[in-house]
1. In the chain, once you exclude exposed chymotrypsin sites (Phe, Trp or Tyr not before Pro) (DSSP loop, at most 13 other Cβ within 10 angstrom), what's the longest stretch remaining?
2. Calculate one ³J(HN,Hα) per residue across region 358-374 by plugging θ = phi - 60° into the Karplus curve 6.51 cos²θ - 1.76 cosθ + 1.60, and present them in order as whole Hz with x for glycine and proline.
3. Translational diffusion coefficient of region 265-431 at 10 °C, 1.306 mPa s, Stokes-Einstein with Kirkwood Rh over Cα pairs, in µm²/s as a whole number.
4. How high is the relative contact order of region 265-431? Use alpha-carbon pairs under 8 Å, at least six apart in sequence, and give a whole percent.
5. Write down Rg/Rh for region 129-262, rounded to two decimals, with Rg from the C-alpha atoms and Rh from the Kirkwood relation over Cα pairs.
6. Which residue, chosen from 399, 382, 409, occupies the Cα position most advanced towards the positive end of the dipole of region 381-431, where the dipole is computed from +1 (Lys, Arg) and -1 (Asp, Glu) charges on Cβ about the Cα centre?
7. Can you figure out the FRET efficiency of residue 423 with residue 328, using R₀ = 35 Å and their beta-carbon distance, to the nearest 0.05?
8. Scale the Cα Rg of region 158-206 by the rule-of-thumb value 2.2 N^0.38 Å and send over the ratio, two decimals.
Amino acid sequence: MIDFTLSPSQRDLQQSTRTFAQTVLSTAPSLYSSHADQRSRFESILPLYRRAVSSGLVKAQIPVPLGGTNAGLVDAAIQLEELYAVETSVSLTVAANGLGLTPLILSGSEEQKKVFLAPFLTGEGEPLASLMHSEPGGTANWLEKGGKGLQTTARKDADSNGWILNGEKLWTTNSSGWDNKGADVQCVVCRYSPDGSPQDPSADPASSILIVIVTREVIAHNAPSAYTILSEPELAGHVAATDPHTRFTEFRVPETHLLCPPGTGAAVVEQTFASSAALVGAMAVGLMRAAFEAALRFTKEDSRGGARPIIYHQSVADLLMDMKMRADSARLVTWKALHCLQNSGPEIDFKTRLEGCLQAKIFGSEAAVQCVLDGMKAVGMTSYKKDQPFARLLNDAACLPLFDGGNVGIRRRQMEKIFQQDEYKPWAATYGV
């Protein structure tokens, strides 16, 4: 049976998140708009982030069996849509915790989960988590045989039996923490290299990928020069989020912080970015919803000098129809992808589940950009004013096809490889095998 009706608990979740977004997140611009740089704007949202923690939004990034309140990935999408419909920077800061903790949730030992998830379960303070994967030279082709691969390397520490990291990371949301001394949990993806030498062009890059957990305590026990924030990129959208450029130099990590041994990390990264891909679709729906509602309101109230509101002009109504259909379609694709990822039986393999997540990410993110542009066309020149939401929405939407694996360099290429499989079954996720 197919049923798209939200359960009573999901409706309660939706309403409580919507109330938080409208009453708390809506005040974010008043905090950060007076600051001239990305880092200052990020630091200014700390009071709102603390309220997000105390309201349970961070705890909701962790599944119920591990002590969190996340009952399912569709629930996460419902929440993310409500948050993104109002404000993006605080919302991304909250959601990035889910991305940062997913490798730990997927592959951590019971002891590691107990220790490292603890700060995110209390509902207190301002804990941050980050996945440190992307690098300044790009990571779209990081697993391509014969390529350079990851430049952040890890080798065994002969003195402590731990690990020593060297390299740089970029676009790692939340990784610097609130004080540039690191997030509470950073899952750092590295390439194992006993001597720091370049990747062997004849080797399978995945065979050397490992993940280690870096905490604020580990950073504090290293020399100040071992962990440095090189810069904080100024962003066109998400203007109060942080995506720093970080350098590790002879940085030591205890053996107990090894999350994924060499050869096992790449699969965990792929699984992590599967769920996050579909959740970008939920972000896109939130932005499309905000753009549609703003355009609908304007076209119903303004005649542009005519005899009746401009919604009665067919060209305007057509634009609104396209906006609404894109938003509704992206939402259904996202919900379906997340449901399939989490609830399908063993007969549905991972690649089939991944395809749905890729569809949600690609379709939703690209539809969001077009949706905002159509709203601007419907409103006209007034939409270009800063007191209207459209310019902000467009800048935020433009990021969605680019981050969490760029659509052109990564996400479409992943779908391409799925299509190329001899055993590919196009409709397995819809109708079963």
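1. Numbers: sites that count: 4, 424, 427.
Here the longest segment lacking exposed loop sites spans 5-423.
2. Along region 358-374, the couplings run 5, 4, 4, 5, 5, 5, x, 5, 6, 5, 4, 4, 5, 5, 5, 4, 5 Hz.
3. Working: Rh = 17.0 Å.
Translational D for this selection: 93 µm²/s.
4. Details: 204 pairs, mean separation 51.5, N = 167.
Taking the mean separation of contacting Cα pairs over the length of region 265-431, I get 31 percent.
5. Values: Rg = 14.4 Å, Rh = 15.0 Å.
With Rh from the inverse mean 1/r over Cα pairs, Rg/Rh is 0.96.
6. The residue sitting farthest along the positive end of the dipole is 382.
7. Working: r = 33 Å, r/R0 = 0.94.
Efficiency, rounded to the nearest 0.05: 0.60.
8. On the way: Rg = 14.0 Å, N = 49, 2.2 N^0.38 = 9.7 Å.
Its radius of gyration relative to the 2.2 N^0.38 Å reference: 1.45.
The values are calculated or read from the model by the stated rules, or taken from the named source; none is laboratory data. The model shown is predicted, which means the values in this text are computed figures rather than measured ones. Because the Cβ atoms are built from the backbone with ideal geometry, glycine has one as well, and the counts that use them run over all protein chains shown. SASA here: full protein model, heavy atoms, side chains in, ligands and nucleic acids out. Shrake-Rupley method; radii C 1.70, N 1.55, O 1.52, S 1.80 Å.
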